[in-house]
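Visitor: I'd like to ask some things about the structure below.
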Amino acid sequence: MQNLWNEHDAQAFDNDLDLRVYSSRLLGQDKSLVLHGGGNTSVKIKQENILGEKESLLYVKGSGWDLETIEAEGYAPVKLNHLLKLSQLDVLSDAQMVNELKTNMTLASAPGPSVETILHALLPYKYVDHTHSDAVVSITNTANGKERIQSIYGNKVVIIPYVMPGFDLSRLCAELFPKEVTNETIGMVLMNHGIFSFGDSAKESYDRMIELVSMAEDYLDQQRALEVESSYINTSLESEDISAIHIARLRNEISAHLHYPVILQQQRTPQTLAFANHPQITHISQQGPATPDHVIRTKQLPMLGTELNSSIDNYISNYQSYFTAGAKTPHDGQKKTMLDPLPRIILDKKAGMITMGKSIKDADIVADIYQHTIDIILRATQLGGFQALPSQDIFDVEYWELEQAKLKKSSKSSAGSSDFSGEIALVTGAVTGIGKACVDSLLTRGACVVALDILPEIESLYQRSDYLGICCDVTDEDAIIEALDKTLRHFGGLDMLILNAGIFPGGCRIEELSLKDWRRVMDINLDANVSLLSKAHPFLKLAPNGGRIIAMGSKNVPAPGPGAAAYSSAKAALNQLARVAALEWGKDNIRINTLHPNAVFDTAIWTPEVLAARAEHYGMTIEAYKTNNLLKTEITSKDVAELAAEMCGSLFAKTTAAQIPIDGGNDRVI
Ligand SMILES: [Zn+2]
């Protein structure tokens, strides 16, 4: 394990809290130590309060902050002496603990202190670091894990048997730690959970974490259980995969159970394929998570196989049994209400791994966690067998109010405008103009967006996980099939389609129009949409909330102008195609509506030359031409895109085959 401490960087920080932030971020950078909000750190500081009195404060990581990106504001200052007194109580309920932590903070704006605050307080060291190190839990999660940990560390660590995190864990440590601590102690191992290190300085505590985790890695190496990657080598990505339509069916079935659409993301890598094809997969994957707090993201177990109906029905019924058993004797004695019983991870011999989430962010987090879990399970298997905690312990964490609060907090922060959360839209001709504006409007409403364009810039238009740019010539049917396949494997389905790609060649009268130019316009503005509609139909039919299509028409459909024969004819034919699609696909709960924009000048079609030529054609100035409508208003790409997005939403849920002008009012159309 690499020690990332950099003395030059560290010297930039001249106070205890800033150094705390610095070394916490070093821990957060290493995914084999902590993942997505896991782990926590603290520092004890003496500070003067407003009355000039010295106070001992514990600055502890606030709930909802991630070590990788934490800042000083991510730490909550809590009165240390009060925390030490709390650690001596026999019982403290979750509600009482949360209340005590909150009411003993000295900064009203600070985040809620970590659920491990009391534990941090009672360890008598200035800096305390806690991680869920992959290497350490690979060793603790085995049948004779405790003996192995003892043989690796001797007196360097105090070993704490597994108990539920929160007050019980603090209470147990308050009792065991003082009894077992020695002069050599530099850390503490929590069985089936993780590891603590501590020291007088940020560097000492961090160095010790690296030292202790490195010792665990060395042990795994000696046991030939560290480099499990070698077992992936024989896996071929060329082997048969499940089909894109099968993924869409799976998503449809899961969404139907949940009553809301979800994202499915396929992770087909040598690692996931090798794991899904492991000869003991039905045993090793059905034990439980590597560390209990993963359960709120991953559920206790992954689903095996992707058989429609049977795989999911079995999973649900097993989950119901797990819930019924767990809810009989919950840790806090309270009545529990079952959470959704659907899997977050699917392992399949052909597909590798598929993760599920309400958003792509959630599905990504699940994937990250399980990629680490796979290696932990394989290492523990090398040591003789992975052994997770009993179901009741996992249940107690999954149904722990304080864990559920974490999940609610993170889903709130990621939701944004949520009209289309869990849904997927595809936009063609998306690199500029109306297409790009549609991408923006759909992303703003929470959809995952696949953007197609012939220009390669489309691939790097946005760097965000809910965006996938594909360079694609829409007149090439094979390229469309490939783009749809990528869409399905990346996001799990297709709910909305915006047919936007098109070209507008300069004014050309019919007698001068070559058949070649005519065909090129037809190819892009019409034929490509026939291909896309026909290839997208099976997926749109499986959209949980019904498929929605917007065809970008033109004012030229109801009111053509001279000099644009090919363009006007292609758009008129597209409009007719949309009307027939509405007739044919209404029974599939797919609705298709057409927008007729006019005079949208912030698009790639309207080069300054074309604009000038059209203005001249009508004998107007460019400015007058731009606002040449009844409302005397300019129509922007964003105006069109916002309407297109709204037409995919609930406001238009009962509208299909409509043609809506967005042109500021045009007397020729009226
Ligand atoms: Zn922990």
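The values are calculated or read from the model by the stated rules, or taken from the named source; none is laboratory data. None of the values given here were measured: they were computed from a predicted structure. Neighbour counts run over all protein chains shown; Cβ positions are idealised from the backbone, glycine included.
Visitor: Among (1) within 14 Å of the ligand (Cβ to nearest atom); (2) surrounded by fewer than 18 Cβ atoms within 10 Å (Cβ to Cβ), which single condition is Leu123 missing?
Guide: (2)
Visitor: Considering only residues of the stretch 297-312 that are part of a helix (DSSP H, G or I) and more than 16 Å from the ligand (Cβ to nearest atom), which is nearest to Tyr399 (Cα to Cα)?
Guide: Among residues in the stretch 297-312 that are part of a helix (DSSP H, G or I) and more than 16 Å from the ligand (Cβ to nearest atom), the one nearest to Tyr399 (Cα to Cα) is Ile312.
Visitor: Listed residues Ala565, Ala581, Ala613, Ala559; which is within 17 Å of Leu494 (Cβ to Cβ), over 33 Å from the mean Cα position of the chain (by Cα) and in contact (Cβ under 8 Å) with a residue 40 or more places away in the chain?
Guide: Criteria check complete, one pass: Ala581.
Visitor: Also: What is the residue count in the stretch 545-556 for residues that are surrounded by fewer than 21 Cβ atoms within 10 Å (Cβ to Cβ) and in contact with a helix residue (DSSP H, G or I) (Cβ under 7 Å, 6 or more places away or on another chain)?
Guide: Of the residues in the stretch 545-556, the ones surrounded by fewer than 21 Cβ atoms within 10 Å (Cβ to Cβ) are 545-546, 556.
Then drop every residue that is not in contact with a helix residue (DSSP H, G or I) (Cβ under 7 Å, 6 or more places away or on another chain), which leaves 556.
Qualifying residue count for the region: 1.
Visitor: Same structure again: Could you pull out the residue among Asp667, Asp663 that is within 24 Å of Ala572 (Cα to Cα), surrounded by fewer than 16 Cβ atoms within 10 Å (Cβ to Cβ) and charged (D, E, K, R)?
Guide: It is Asp667.
Visitor: Sticking with this one: Restricting attention to the stretch 23-47, report how many residues are more than 16 Å from the ligand (Cβ to nearest atom) and either crowded, with 19+ Cβ neighbours inside 10 Å or not assigned by TED's automatic domain parsing to the domain that holds Asp134 (or both).
Guide: The initial filter retains those residues of the stretch 23-47 that are more than 16 Å from the ligand (Cβ to nearest atom), namely 23, 25-26, 29, 43-47.
Next, only the ones that are either crowded, with 19+ Cβ neighbours inside 10 Å or not assigned by TED's automatic domain parsing to the domain that holds Asp134 (or both) stay: 23, 26, 43-44.
So the count comes out to 4.
One line per residue, one yes/no per condition, for (1) within 16 Å of the ligand (Cβ to nearest atom); (2) in contact with an Asp or Glu (Cβ under 9 Å, 6 or more places away or on another chain):
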| site | (1), (2) |
| --- | --- |
| Asp129 | yes, no |
| Ile152 | no, yes |
| Lys156 | no, yes |
| Ile159 | yes, yes |
| Tyr162 | yes, yes |
| Asp168 | yes, no |
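Visitor: For the stretch 640-658, name all the residues that are assigned to a helix (DSSP H, G or I) and farther than 18 Å from Leu611 by Cβ.
Guide: Residues satisfying the conditions are Ala641, Glu642, Leu643, Ala644, Ala645, Glu646, Met647, Ser650, Leu651, Phe652.
Visitor: I'm trying to understand the selection: among the residues of the stretch 392-437, which are of a type outside the set (Ser, Thr, Tyr), surrounded by fewer than 17 Cβ atoms within 10 Å (Cβ to Cβ) and at pLDDT below 70?
Guide: Leu407, Lys408, Lys409, Lys412, Ala415, Gly416
Visitor: How many residues are of a type in the set (D, E, K, R) and part of a helix (DSSP H, G or I) when one looks only at the stretch 551-605?
Guide: 5
Visitor: Turning to a different aspect of this structure: Does Ala573 meet the test of being surrounded by fewer than 22 Cβ atoms within 10 Å (Cβ to Cβ) and in the same structural domain as Val450 (by TED's automatic domain parsing)?
Guide: Judged against the criteria, Ala573 is a match.
Visitor: Select the helices (runs of 4 or more DSSP H) contained entirely in the stretch 48-165, then report the ones holding at least 1 residues which are touching a residue at least 24 places away in the same chain (Cβ under 8 Å), touching a Lys or Arg at 6+ places or on another chain (Cβ under 7 Å) and not assigned by TED's automatic domain parsing to the domain that holds Gly384.
Guide: 80-86, 134-140
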